[in-house]
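Written below as structure tokens is the structure these notes are about.
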Amino acid sequence: MKKFYLSILCFGFSLLMFSQVTITPNPFEIDESITITLDINSTATDCDGFTSPNKVYMHSGVGDSDNAFNISVVGNWGQDDGVGQMTSQGSGIYSITLVPETYYGLTATQAANAVLMGMVFRNEDGSQEFKASGCNDFIFEIGTFQVSLTSPSDDTTIINSGDDLAISATNIGGNASYTLSANGSVIDTDGSTNSYSYTVTNITENTNYELVAVLDGTTITKEFSVLIDPGSNIGIMPTNYQDGITYIDDNTAVLVLYATGKDFVYLAGSFNNWQPDSNYAMKKDVTRNNKFWIELTGLTPGQVETYQYWVADKTPTANSPSLVKVADPYSTLVLSPFDDPFIPSSTYPNLPAYPTGQEREVTVLQTGQTAYNWQVTNFEKPKKEDLIIYEVLVRDFDADRNYQDLIDRIDYFKNLNINAIQLMPVMEFEGNESWGYNTSFHMALDKFYGTEEKFKEFIDVCHQNGIAVILDIALNHAFGRSPMVRMWMNDPDGDGWGDPSSDNPYFNEIAQHSYSVGSDYDHSNPRTKDYVKRVVKHWIEEFNIDGFRWDLTKGFTQNCENNEGCTNQYQQDRVDVLKEYADYSWSLDDDHYVIFEHLGSENEEKEWANYRFDEGKGIMMWGKMTDPYNELTMGQNGNKNINGIGHNSRPSFNGPRVVGYPESHDEERLMYKNLAFGNTSNASHNVQDLNTAISRMSAMAAVSVMVPGPKMIWHFGELGMENSIFTCNNGTVNLPGGGDGDCKLDTKPQPQWTNNWLADAVRGAVYDDWSKLHKLKTDEPVFEGDYTMTSGDFTPRIDIFDNSIPTTELKNVIILANFDVVSQTVNTNFPAGVTSTWYDLMDPTGNTTITNSTTSITIPAGQFRILGNKPSNVLSVEDESLFGFTIYPNPSRTSFSINTNVSDVEIYDLSGKMIKSYKGDFTRIDSFDISSLNTGMYIVKVENDNKQTMTTKLVKL
């Protein structure tokens with residue numbers, strides 16, 4: 001028997017007549033030929049609209065009562081491939097003829113369950129789209145037997161206790177039999193009619209109704225409910241109750257919800273079988289901003305409970321719902337019917353089951369939880385001046401895409417000598433495969449990366465290894481699943497989603513800046529400030545987080561609606577509110593890191609960078625320097641001025657508060673552009689050659705991370721990651737403007753582990769170089785000093801000094817690099833009177849020296865030198881294995897390379913006879929031809945930059 005379950009909430013909008021789209025015949029069956037006709041002469045509001053498209057495509061699907069697209073979809077958005085292309089009839093009229101069952105490739109079961117057809121229309125590349133009024137999809141019912149519920153008009157009707165409810169419905173297709181049930185019990189039947197009516201009298205409790213219509217074996221069910229207004233329910237709550245959950249003891253919890261302008265709130269959950277009665281009508285505290293609250297008693301310690309708030313507004317603003325069911329805005333764990341089914345049990349063992357019969361997110365409540373046993377309770381953060389921040393997207397770091405991956409790789413971080421890990425947002429975001437900036441619950445950890453316990457373990461392990469943990473936090477905005485959006489939203493199509501309405505106390509209806517994403521928080525509102533501070537407090541006190549990187553701080557103003565110029569100008573309200581948030585962080589954690597992604601002009605940034613600087617604080621500012629560094633690594637003639645990597649490029653800054661970086665998650669990979677656009681003028685140093693391009697990344701690190709002040713690197717730059725940030729799930733690359741979507745947010749492949757890049761001689765050598773540089777930066781005090789920089793050509797120079805350090809210690813450092821594709825002779829210009837001997841700091845023995853009488857040195861293409869007035873002892877000869885060398889590939893048939901810079905390469909047979917020799921200075925990218933050698937074993941002897949002789953074995957195939 002064919003059985004349809006339709007909810008008025010899901011398809012009420014489909015009863016509208018669309019003048020732009022018609023279906024002939026209508027009504028129609030799933031196996032019937034139909035013609036869909038589109039008139040583009042009347043464009044929809046709030047959408048891109050059509051402006052004389054060359055072609056029109058229909059992107060469409062069929063679905064069940066929950067979703068008009070969830071059974072089958074036809075169309076490839078943005079592709080001009082003929083799939084769904086409509087035929088022009090002239091004068092802006094387009095049509096397509098199809099049999100739904102065949103067109104959507106339905107099985108018999110799918111055809112039986114398909115009751116809705118949805119569609120939108122686009123031009124050939126998807127840059128223009130045509131939708132119904134309000135920018136909604138066009139939705140049509142399938143079937144010649146259709147039922148319309150004419151009363152009640154809403155899926156939930158709010159009444160006073162004792163009121164009546166009139167129920168009426170009509171159908172087409174013939175007389176049907178109707179059965180009406182209330183909370184599962186039949187209360188009325190009518191055996192044969194096409195116009196049903198019944199009045200339920202004296203309703204005194206919340207009731208769920210089902211009206212079932214049957215005709216010729218086909219069943220259609222309409223579901224709706226009645227909610228009783230509990231009337232006056234005033235109660236003053238203790239002042240120590242907080243928004244969200246307050247755990248009183250192992251058996252008691254208090255829930256508090258701010259719902260200004262709402263008439264009443266019910267608490268529905270597992271503890272009342274999701275059927276709240278008057279005992280679960282929340283009290284309203286009129287003395288505290290009309291907060292609603294309720295005390296739950298008799299809870300079982302450790303037992304997982306789930307709940308939602310049913311928030312009622314008897315006189316909602318236009319296009320807003322009278323009832324919204326939402327999770328707690330202050331949830332620390334939410335369950336999602338959309339995301340949870342796709343979370344691996346290996347990542348989140350024993351994930352609580354989503355409650356059957358509910359919809360959208362629900363909050364988890366659990367008394368008697370065991371507190372995490374922190375191993376480090378007094379972590380001492382690295383100095384801001386010494387920070388080397390490693391930015392990580394958990395999803396793309398390793399194959400399992402979870403916190404355990406990071407824990408398992410802690411030695412990777414430690415050996416790299418970074419001292420902070422900055423995680424891209426880990427708060428509950430929409431979907432699973434995300435960057436995390438589409439946050440909907442800022443206090444809840446997203447389950448796709450693992451459990452709260454595992455996240456705390458990761459933080460603890462980092463602290464045990466001297467590594468701080470910084471969270472990227474997106475508090476400029478929230479997305480549509482947020483309860484704070486949905487409680488006060490415009491929802492003209494009644495689908496339960498919407499944008500902030502005019503009475504929303506947290507959000508602007510229209511973003512007040514020009515970089516809008518999601519729904520824009522109003523940071524002038526005290527309620528928004530309370531929420532932000534509560535979020536900050538949660539992550540600092542519950543998770544021991546060491547700092548926040550505040551995303552999109554340009555959005556924290558109320559002055560610049562759709563105004564690019566205004567957004568980038570000085571805004572006093574933005575300056576003040578962000579100082580207020582920084583003050584709050586420091587009130588909880590005196591040395592908390594506060595980092596802003598502002599990327600703006602110095603006039604605002606100086607106020608934050610200098611704020612409370614004399615107390616050792618000051619806000620750190622992101623300093624993007626991708627383009628000039630990429631010109632260097634590519635060996636090209638664009639702007640190569642890299643002075644902006646440090647604070648001295650901002651004269652008004654009191655000190656090092658610029659987090660300079662050549663790479664971040666938001667910018668194209670340097671290596672990708674090296675290979676695509678690198679200098680090819682020198683065949684022996686072709687930047688578009690992979691090994692050549694990789695080898696240049698060490699010099700890039702030397703002239704970026706070593707500049708005094710905090711610095712940041714983007715994961716796997718230290719291994720020469722060449723995959724574009726526009727790499728798709730399948731490994732292809734879709735660059736912006738390609739018409740198929742740029743794949744920027746797609747999950748990335750993991751070649752760094754699957755191909756064991758650490759064992760690759762060239763990549764491994766770059767990793768080792770970065771590790772040594774980081775060690776020098778963090779352990780030698782001179783790098784907390786001052787600096788001067790000369791840049792703009794292929795041979796940048798950085799002089800670092802601290803005149804407060806005695807001359808008997810390392811107080812002067814000179815960094816020289818050559819980003820040309822040929823060797824360059826570089827003037828030394830040693831500062832007068834500092835020392836007569838300069839030491840190569842990458843040589844921990846101190847054996848590599850240059851006298852101050854040397855006027856110039858030759859630096860091979862893509863290489864660097866870092867010289868100091870004294871040798872450094874922070875690099876251990878034993879630990880770093882600096883004098884070991886390897887040849888690769890080994891065995892080899894034709895040639896080999898060496899993983900370090902060497903000179904005078906000699907090859908001997910096992911009798912000690914020299915067979916071949918190569919004179920000169922060689923780098924990791926040079927290769928040595930052995931194709932003429934006979935098969936066998938040989939000895940390779942080399943001399944390194946420290947004039948030491950080293951040998952190893954070579955197998956010639």
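Any residue in the range 212-222 that is small (G, A, S), in the same structural domain as Q308 (by the TED database) and outside any loop (DSSP other than H, G, I, E, B)? For the range 212-222, residues small (G, A, S), in the same structural domain as Q308 (by the TED database) and outside any loop (DSSP other than H, G, I, E, B): absent. With (1) part of a loop (DSSP other than H, G, I, E, B); (2) in contact (Cβ under 8 Å) with a residue 12 or more places away in the chain; (3) over 25 Å from the mean Cα position of the chain (by Cα) as the list, and T370 as the residue in question, which single condition is left unmet? Going through (1) part of a loop (DSSP other than H, G, I, E, B); (2) in contact (Cβ under 8 Å) with a residue 12 or more places away in the chain; (3) over 25 Å from the mean Cα position of the chain (by Cα) one by one, T370 breaks only (2).
Quick one: which residue in K537, K554, K533 is under 24 Å from E391 (Cβ atoms), part of a helix (DSSP H, G or I) and among the charged types (D, E, K, R)? Spell out the reasoning first.
Numbers: K537 fails: under 24 Å from E391 (Cβ atoms); K533 fails: under 24 Å from E391 (Cβ atoms).
Just one listed residue meets the conditions, K554.
Residue count for the range 89-123 under the criterion of being closer than 16 Å to P53 by Cβ and exposed (fewer than 14 other Cβ atoms within 10 Å of the Cβ): the result is 3. Contact annotation: residue pairs with Cβ atoms under 6 Å, 6 or more positions apart or on different chains, pairing a residue in the range 661-675 that is within 18 Å of G644 (Cα to Cα) with a partner that is polar (S, T, N, Q) and not in a helix (DSSP H, G or I), are P662/S704.
Here is a yes/no grid of residues against (1) farther than 30 Å from Y672 by Cβ; (2) among the polar types (S, T, N, Q):
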residue: G565; (1), (2): yes, no
residue: V577; (1), (2): yes, no
residue: D583; (1), (2): yes, no
residue: L588; (1), (2): yes, no
residue: L599; (1), (2): no, no
residue: A609; (1), (2): yes, no
residue: R612; (1), (2): yes, no
residue: M621; (1), (2): no, no
residue: Q636; (1), (2): no, yes
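Taken together, the residues in the range 348-383 that are under 10 Å from T306 (Cα atoms) and of a type in the set (S, T, Y) amount to 2. Of all the criteria given as (1) closer than 28 Å to A861 by Cβ; (2) of a type in the set (A, V, I, L, M, F, W, C); (3) in a loop (DSSP other than H, G, I, E, B), the one not satisfied by F783 is (3). In the range 444-469, the residues that are free of Cβ contacts under 8 Å to residues at least 24 places away in the same chain form Cβ pairs under 7 Å with partners that are of a type in the set (D, E, K, R), at six or more places apart or across chains, as follows: D446/E428. The listed residues are G623, G555, G638, G600, and the only one of them that is surrounded by fewer than 17 Cβ atoms within 10 Å (Cβ to Cβ) and of a type in the set (G, A, S) turns out to be G638. Scanning the range 391-411 for residues that are free of Cβ contacts under 8 Å to residues at least 12 places away in the same chain and in a strand (DSSP E or B) returns no hits. Selection of the range 505-530 for residues being touching an Asp or Glu at 6+ places or on another chain (Cβ under 8 Å) and either outside the structural domain of V577 (by the TED database) or outside any loop (DSSP other than H, G, I, E, B) (or both) yields F507, S519, T528, K529, D530.
Please specify each residue of the range 334-367 satisfying the condition of being outside any helix (DSSP H, G or I) and farther than 22 Å from I245 by Cβ. Full working, then the answer.
We begin by selecting, within the range 334-367, every residue outside any helix (DSSP H, G or I); these are 334-339, 343-367.
Within the range 334-367, F338, I343, P344, S345, S346, T347, P349, T356, G357 qualify.
Of all the residues in the range 540-551, those that are part of a helix (DSSP H, G or I) and of a type in the set (D, E, K, R) number 2.
For the range 836-848, give me each residue that is at pLDDT 90 or above and either under 11 Å from K870 (Cα atoms) or more than 47 Å from the chain's Cα centre (by Cα) (or both). Selection gives S836, T837, W838, Y839, D840, L841. Taken over the range 792-833, the residue count meeting the criterion of being aliphatic (A, V, I, L, M) and in contact with a Leu (Cβ under 6 Å, 6 or more places away or on another chain) is 2. Restricting G785, G792, G764 to residues that are within 24 Å of F885 (Cα to Cα) and either modelled with pLDDT of 95 or more or assigned by the TED database to the domain that holds R865 (or both) narrows the list to G764.
Those helices (runs of 4 or more DSSP H) of the range 675-777 in which 2 or more residues are farther than 24 Å from G862 by Cβ occupy 751-754.
Check S127, S133, S72 and return the single one that is without any contact (Cβ under 8 Å) to a residue 60 or more places away in the chain and outside the structural domain of M489 (by the TED database). Reasoning before the result, please.
Values: S127 fails: without any contact (Cβ under 8 Å) to a residue 60 or more places away in the chain; S133 fails: without any contact (Cβ under 8 Å) to a residue 60 or more places away in the chain.
Exactly one residue qualifies, and that residue is S72.
Total residues in the range 310-349 satisfying the condition of being among the hydroxyl-bearing types (S, T, Y) and within 21 Å of M427 (Cα to Cα): the figure is 8.
Screening K383 against (1) surrounded by fewer than 17 Cβ atoms within 10 Å (Cβ to Cβ); (2) free of Cβ contacts under 8 Å to residues at least 12 places away in the same chain leaves a single unmet condition, (2).
The strands (runs of 3 or more DSSP E) found entirely in the range 854-957 that carry 3 or more residues being surrounded by 17 or more Cβ atoms within 10 Å (Cβ to Cβ) and at pLDDT 80 or above are 864-868, 895-898, 902-909, 936-944. If K384 passes every condition in (1) over 28 Å from Y521 (Cβ atoms); (2) over 20 Å from the mean Cα position of the chain (by Cα) but one, which one does it miss? If we test K384 against (1) over 28 Å from Y521 (Cβ atoms); (2) over 20 Å from the mean Cα position of the chain (by Cα), just (1) comes out false.
Considering the range 487-521 alone, what residues qualify as being of a type in the set (D, E, K, R) and in contact with a strand residue (DSSP E or B) (Cβ under 6 Å, 6 or more places away or on another chain)?
In the first step, residues of the range 487-521 are kept if they are of a type in the set (D, E, K, R); the result is 491, 493, 495, 499, 503, 509, 520.
Result: D493, D499, E509, D520.
Within the range 544-577, being of a type in the set (V, I, T) and free of Cβ contacts under 8 Å to residues at least 40 places away in the same chain holds for one residue alone: V575. When the residues of the range 161-177 are filtered to those that are assigned to a strand (DSSP E or B) and more than 50 Å from the chain's Cα centre (by Cα), the one that is surrounded by the most Cβ atoms within 10 Å (Cβ to Cβ) is A176. All told, S278 falls short of being surrounded by 15 or more Cβ atoms within 10 Å (Cβ to Cβ) and either among the hydroxyl-bearing types (S, T, Y) or assigned by the TED database to the domain that holds D66 (or both). For the range 190-203, a residue qualifies if it is surrounded by 13 or more Cβ atoms within 10 Å (Cβ to Cβ) and not small (G, A, S), and the qualifying residues are D190, T193, N194, Y196, Y198, V200, I203. Screening V254, V311 for residues that are assigned to a strand (DSSP E or B), closer than 17 Å to W488 by Cα, at pLDDT 95 or above and in contact with a Leu (Cβ under 8 Å, 6 or more places away or on another chain) leaves exactly one candidate, V311.
Would you point out the residue of the range 33-78, among those that are at pLDDT 85 or above and assigned to a loop (DSSP other than H, G, I, E, B), that is surrounded by the most Cβ atoms within 10 Å (Cβ to Cβ)? Once the filter is applied, the top-ranked residue is V56.
The values are calculated or read from the model by the stated rules, or taken from the named source; none is laboratory data. Computed from a predicted structure; not experimentally measured. Using ideal geometry, Cβ is built from the backbone for each residue, glycine included, and neighbour counts are taken over all protein chains shown.
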